Structure formats: C-alpha cells, structure tokens
Amino acid sequence: MQYSYEKHVKAIVLLYPSTAVNNFLIMKNVLERNNVNVSGEGTQPIIFAHGFGCDQNTWRYVAEAFKKDYKVVLFDYVGAGKSDLTAYDAEKYNSLKGFSQDVLEICAELNIRDAIFVGHSVSSMIGVLAALQQPSYFKQLVLVGPSPRYINDVDYTGGMERADLEALFEVMDSNYLGWSAMLAPAIMGNPDQPQLGEELATSFCATNPDMARNFARVTFLSDNRADLPKLQVKSLTLQCTDDIIAPAEVGQYILENTPNNEMILLEATGHCPHLSAPEEIIRSIKTFINYN
C-alpha cells in the first residue's frame, strides 16, 4: 500500500487534536517545504546550503562537480527559490536556529549521517548551529565566506557599523527592489563580470520581500561568536579577498576561535566565489574532504 503523508497527518490530528500538535503535524512534508533535490551516483552525502537572497541554483557550477562520487543534496530555505511560502513562520524564522532546524529535519527525513555540509555566508553559521545540536549528522563543515557577527564590536572587526546597517534596513523597507539593485553588485564584487552582479540582484528580487527583510535582519544582527569554541566537527573556512560582507579579519577570527578549523585564503574576490570562481571552490573543498 502506498504511504500517504496527508492521511497519516489527518489520522494523528484526530487522535491528538491540540492546537500545538495540529500546527506541527499539518506542516508540509519537509522535502516539499524546502524544495529538496537529491542527485548523484555516490553514497557519501554532501549538502549545499545557499546564502541570503539566493537559492540552490547558485550552487549549480560547484554541485555538478560532486555528482559522480557523492550524494548531492540541494534545498531552498523557506522564503527562497521554490520553497513552500505557506510554511513560513515569522516566529520560527526570527533566529538562525529556525533555519538550522530545517537543515536537521532534512537530514532526518533523508536519514543522513556524517554529511559534508557546505554553507555559503549565513548558512555557515546555520550549519554550525545544526552541527552543535546534532553532531552525528555531520562529518565536516565547509564555511564559504562565513561570519559569526557582521557588526563591529570591541576588539572585533565584523565589517559593518550598526548605524550603517540600520540605514541599509531603512532603504530595504522603503524600496526593496532598489536596495537589491544597489547592493547586489557590491556584494558580488568582480566588476569585470557584471553579469554576476545582475544575477544576484535578480535572485534578491525573486525572493519574497517581507521574508527577505526578516531574513536580512536575522542574518546581519546575529552573533554566533560564542558558538564557535563549542564546535567539534572539523571545518574549513574559505575566505575571499575584498569581501565587503565578511572581511579577512573575520576569517582569521573563526580560525583562532574554532577547534579543528582550517582556513584557505582564496584568490577569488567578492562574497560569492561559488559563482565567480567555482573551480577554485571545487578544488579547495575536494582537497579538504579528501585529507581530513
């Protein structure tokens, strides 16, 4: 008999009709909610997680290089790409822990253990939070352009001042499309490849504005510095030069404060090397996972 998720949910709701249980059970299937796509010829899982304003398509150049030898898992956070927008819960996604919970639910649904998790930008800290909660799910973390805190602090360089960030939020709230067109090329860098900045701007604009504004605040106001020393899973930091989102000082901070962390200073510039320099990212990831 074919399994029916909907019938299973309805049966349990009848048995346990409390509001809390109902809200939990009527969630869309995890794989549908996060538009999970699994491919590849191998058995070792490697999960690629996108950054703010993007979706799984940004990994297309890198993920393809791993399909022959790995089980490649791609997904969209709720609010991005082809995820189920009706599953968005403002309270749940008011912190990075809500997004890390989705990662853990995807791993559980796919029965994943000892995965290689590759997270870009904010997904790096989402991966760290997930690994702290369920370390058995992860063998290695690859952190691409990570930052545990984006705002400068005493004896810490995050790259942004709080006042400048609040000004950006004001522009975002009043003119999201204009904000996207202005900021995306600066984040991407690589002015010699203007099509990349245009692609990022298009991706920003395709994201639900209300959800994007919330994710932006959650991302840029986060502070995960205290989580780094707790991480026991081996990790690699891939640090770009001329990255306005995660400057070189941030990569060095992660290296010095995270057990079992290595760092590679890439030749790639900007904040999205998986789009601007995919060959270097592929090479760096393969070197790390093959020798650790």
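The values are calculated or read from the model by the stated rules, or taken from the named source; none is laboratory data. The structure displayed is predicted, hence computed values, not measured ones. All Cβ positions, glycine included, derive from the backbone under ideal geometry; neighbour counts span all protein chains shown.
Observations on the structure shown:
- Residue 282 vs. criteria farther than 22 Å from residue 185 by Cβ and surrounded by 15 or more Cβ atoms within 10 Å (Cβ to Cβ): yes
- A residue that is farther than 21 Å from residue 246 by Cα, touching a residue at least 12 places away in the same chain (Cβ under 8 Å) and part of a helix (DSSP H, G or I) occurs somewhere in the range 176-199.
- For residue 237, the conditions (1) in a helix (DSSP H, G or I); (2) farther than 23 Å from residue 92 by Cα; (3) touching a residue at least 60 places away in the same chain (Cβ under 8 Å) all hold with the exception of (1).
- Residue 248 being free of Cβ contacts under 8 Å to residues at least 24 places away in the same chain, of a type outside the set (Ser, Thr, Tyr) and either in contact with a Cys (Cβ under 9 Å, 6 or more places away or on another chain) or on the phi > 0 side of the Ramachandran plot (or both): yes
- Being surrounded by fewer than 21 Cβ atoms within 10 Å (Cβ to Cβ), of a type in the set (Gly, Ala, Ser), modelled with pLDDT of 95 or more and assigned to a helix (DSSP H, G or I) is a property that residue 167 lacks.
Let's see how each residue does on (1) more than 13 Å from residue 47 (Cα to Cα); (2) crowded, with 22+ Cβ neighbours inside 10 Å; (3) over 12 Å from the mean Cα position of the chain (by Cα):
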position: 99; (1), (2), (3): yes, yes, no
position: 109; (1), (2), (3): yes, no, yes
position: 115; (1), (2), (3): no, yes, yes
position: 119; (1), (2), (3): no, yes, no
position: 123; (1), (2), (3): no, yes, no
position: 133; (1), (2), (3): yes, no, yes
position: 140; (1), (2), (3): no, no, yes
position: 145; (1), (2), (3): yes, yes, no
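- Selected residue (criterion: surrounded by the most Cβ atoms within 10 Å (Cβ to Cβ)) from residues of the range 191-223 that are in contact with a Leu (Cβ under 7 Å, 6 or more places away or on another chain) and at pLDDT 85 or above: 220
- Set 282, 244: member being in a helix (DSSP H, G or I), of a type in the set (A, V, I, L, M, F, W, C) and more than 16 Å from the chain's Cα centre (by Cα): 282
- Identity of the residue in the range 247-273, buried (at least 18 other Cβ atoms within 10 Å of the Cβ) and closer than 14 Å to residue 150 by Cα, that ends up nearest to the chain's Cα centre (by Cα): 271
- Residue tally, condition of a type in the set (Ser, Thr, Tyr) and under 18 Å from the mean Cα position of the chain (by Cα), over the range 225-241: 2
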